[in-house]
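Notes follow the structure.
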Amino acid sequence: MSHRELGSGFVLNKASELPIDQHVGQVSPDLVRDALRRVLSSDEFQASPRLQQFLTYIVEETLAGRGSQIRGKAIAVEVYERRIDGTGGQNLVRVEARRLRRLLRTFYEDQWDGEGVRIFVDPGGYKPRFSYEPTIEDRQASSWNEGDLGARRRSLQLLPAGLGVLAVVAALGLWMSQENRMVLPATQSIEQAERAALGEHSLTRLQAVNLADQARGMFFPVFDAKRQQIALGMFRHATELDPALSDGYAGSAQVLATLAMLSPDQAQRDDLFGQALQMSGRALDLSPTDAWANGANGWVLATQNNPVQALKYARLSVELAPKDGHILDLVGITAILASAPELAAEVSDPERLRSGSGRFGARNIWGVSQLMLGKYDKVVEAFQGAPAAGAPVSAPSLLFQAVAQDQLGNSEEAQRLVTEMRRTWPEFPSEFLAGRIFQNDQNTRNLILETLNRY
């Protein structure tokens, strides 16, 4: 098809934007690729190689007839070499898509001459659309004048004979094509497309991704040191399987920081903190826009009593993955250590939508946030319902309930909870961890110490 054969559906569009879902006739692939080359050669895109790949990928997929199959997962794998499962890669794609739309808008506002094909990537999806504005030469070539109309009327008189010839040619072509017929492959389903994309990567990467995801679900109860050691071994194995995958480093960082916080030995604590910083730095180097890498770094900083920087990374990770349950939990405990109960309550709110599988600590985080905010009835409600909801139960769970019951005047229940905690976890260092967890919240720390002394 030439660039003049656009059909009756094409729209002459000189506006800065084309309305979403506006139908535009099919544009020649050659013209689309010419437009793509113009965009990619601009200064804006020359400075962003990944966005060049992003735009090239979605345009070529659309020209190949697979536009309806473009998904964030496929882009994450094909363009950004991320894992196919999980949310980290797709969140990265959403962030990058916003950058892509911004650069496209800047290019067409500043450098487009208003002629030829324009490429659009609408919010809410990744399939591009194309509009076409004919050049001056095209408009002149396609203009109709009176002389042209006369010639066209004369040509219509020859139409029946011409159609007869065309019918013979078509029949001959159909007969000849029977021996050379090409069978086009059926459109792949989304699942098949995902498997095909994953097939481009090694089985060791898939194994590393799965291992990191399994270990990720073991983070709670946070104060179970043996459980943390098991998770650390799994994360380290993930980094051995695929040193280029950030997940194993992010997971290792958050576990090492937790073990450092739990350690009473200063030398050991310093060593664990050093390892945690190294792992979180590696995760960010590999994937600076990954929610888990940023969240793990925030947790490491919080355990080192750097609340300002910790909250910066924590909030960034929520923006990158606002529905990932594991990210929200990581941000929640970071906010608790950084004495930001409002943020902890926001990300652990029982009404908040979250995704993911495995064990989550949102209900307990919500309870602690309410304790810090002085809403003791909600603390009792949160922790009493934790076992039935599948939330982790630990010594701190009983301790926080005891504090809330004590503040509500329920001395007998507070006594029962403290007694049960000491009987079930006799070696749990309550006073020590109260100082670590609430190092920036003196009021809550004092309430805990008073409850322990009273009962």
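The values are calculated or read from the model by the stated rules, or taken from the named source; none is laboratory data. Predicted, not measured: the structure shown is a model, and the values here were computed from it. Note that each Cβ is placed from the backbone with ideal geometry, even for glycine, and that neighbours are counted across all protein chains shown. SASA here: full protein model, heavy atoms, side chains in, ligands and nucleic acids out. Shrake-Rupley method; radii C 1.70, N 1.55, O 1.52, S 1.80 Å.
Check Ala76 against each of (1) under 22 Å from Phe107 (Cα atoms); (2) open to solvent by less than 30 Å² (accessible area, probe 1.4 Å) and name the one condition it does not meet.
(1)
Can you name the residue in the stretch 409-440 that is under 17 Å from Val379 (Cα atoms) and outside any helix (DSSP H, G or I) and, of all such residues, is nearest to the chain's Cα centre (by Cα)?
Phe438
Six or more apart or on different chains, Cβ under 6 Å: which pairs go from a residue in the stretch 311-323 that's within 17 Å of Gly356 (Cα to Cα) and in contact (Cβ under 8 Å) with a residue 60 or more places away in the chain to one that's of a type outside the set (A, V, I, L, M, F, W, C) and not in a loop (DSSP other than H, G, I, E, B)? Could you list them?
Taking only residues 6 or more apart or on different chains, the pairs are Leu320/Asn91; Ala321/Asn91; Lys323/Ser355.
From the residues in the stretch 191-220 that are modelled with pLDDT under 80, of a type outside the set (Gly, Ala, Ser) and assigned to a loop (DSSP other than H, G, I, E, B), which one is surrounded by the most Cβ atoms within 10 Å (Cβ to Cβ)?
Going through the qualifying residues, I end up with His201.
Quick test for you: out of Arg94, Arg102, Arg118, pick the one residue that is outside any loop (DSSP other than H, G, I, E, B) and free of Cβ contacts under 8 Å to residues at least 12 places away in the same chain.
On the way: Arg94 fails: free of Cβ contacts under 8 Å to residues at least 12 places away in the same chain; Arg118 fails: free of Cβ contacts under 8 Å to residues at least 12 places away in the same chain.
After applying the criteria, what remains is Arg102.
Residue by residue through the stretch 233-265, note down the ones that are open to solvent by less than 40 Å² (accessible area, probe 1.4 Å), outside any helix (DSSP H, G or I) and not charged (D, E, K, R).
Leu245, Ser263
Can you pull out the residues in the stretch 121-140 that are in a loop (DSSP other than H, G, I, E, B), at pLDDT below 85 and open to solvent by less than 30 Å² (accessible area, probe 1.4 Å)?
Answer for the stretch 121-140, where residues must be in a loop (DSSP other than H, G, I, E, B), at pLDDT below 85 and open to solvent by less than 30 Å² (accessible area, probe 1.4 Å): just Pro134.
Within the stretch 7-27, can one find any residue that is open to solvent by less than 70 Å² (accessible area, probe 1.4 Å) and modelled with pLDDT of 55 or more?
Checking the stretch 7-27: at least one residue is open to solvent by less than 70 Å² (accessible area, probe 1.4 Å) and modelled with pLDDT of 55 or more.
Can we say Arg71 is under 20 Å from the mean Cα position of the chain (by Cα), under 29 Å from Ala208 (Cβ atoms), of a type outside the set (Val, Ile, Thr) and surrounded by fewer than 17 Cβ atoms within 10 Å (Cβ to Cβ)? Write out each step before concluding.
Working: under 20 Å from the mean Cα position of the chain (by Cα): yes; under 29 Å from Ala208 (Cβ atoms): yes; of a type outside the set (Val, Ile, Thr): yes; surrounded by fewer than 17 Cβ atoms within 10 Å (Cβ to Cβ): no.
Judged against the criteria, Arg71 is not a match.
Quick check on my filter: what residues within the stretch 341-366 are farther than 17 Å from Met261 by Cβ and open to solvent by less than 40 Å² (accessible area, probe 1.4 Å)?
Step one: filter the stretch 341-366 for residues farther than 17 Å from Met261 by Cβ, giving 341-343, 345-360, 362-363, 366.
Answer for the stretch 341-366, where residues must be farther than 17 Å from Met261 by Cβ and open to solvent by less than 40 Å² (accessible area, probe 1.4 Å): Pro341, Leu343, Ala345, Val347, Ser348, Ala362.
Just checking, which of Gln275, Gln229, Gln268 is without any contact (Cβ under 8 Å) to a residue 12 or more places away in the chain, part of a helix (DSSP H, G or I) and open to solvent by 10 Å² or more (accessible area, probe 1.4 Å)? Break it down into steps so the answer makes sense when it comes.
Working: Gln275 fails: without any contact (Cβ under 8 Å) to a residue 12 or more places away in the chain; Gln229 fails: without any contact (Cβ under 8 Å) to a residue 12 or more places away in the chain.
Just a single option satisfies the conditions, and that option is Gln268.
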